[in-house]
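Since the structure comes first, as structure tokens, the remarks are kept for the end.
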């Protein structure tokens, strides 16, 4: 047993010993790498599918051509990209419960866009039919309105949103195991 000259020397020795003990404890504990399961892989797939779907053609309009959902950052596709990044971060942080929120946000954004698009098309149809009744122009406008089509981007985004919900559902059924230190 060591002898100390005074109380200060004892306290210094005690703090140094405590630091050594903490250093040994930190080096002793090794974190095991997190293992990803099906729910994480499905979440990562949903992120990729949404990213791809946002840049695929979403709507085909006769005069403008094909439009994607992103529209150079002006469209609601930028909201979906932010939510997909949130899904990615929550999956990495093992906060899979939050995927319900990112999935719901993505679904509501898409529903809101489709609702607004339908309202705009109905408004254009009613305005053009009222103003050009019986003219040659009304037939052209009607045929243009009939030729507006939804493209491949919409179903791809819907599949991505479905996979986000599926991953959150799988987590609710089988929550991840917490990896304890060795």
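The numbers here are math on the coordinates, done by the rules we state, and not lab data. Just so it is clear, the structure is predicted and the values come from calculations on it, not from any experiment. For neighbour counting, all protein chains shown are included, and Cβ atoms are generated from backbone atoms with ideal geometry for every residue, glycine included.
Distance between the C-alpha centers of segment 74-131 and segment 139-178? Whole Å please.
The distance from the Cα centre of segment 74-131 to that of segment 139-178 comes to 10 Å.
So what are the three principal axis dimensions of segment 42-94 from its Cα atoms, in whole Å, longest to shortest?
Here the Cα extents, ordered largest to smallest, are 46, 20, 9 Å.
How far apart, in nm, are the 7 Å Cα→Cβ label points at residue 64 and residue 148?
A separation of 0.9 nm, rounded to one decimal place.
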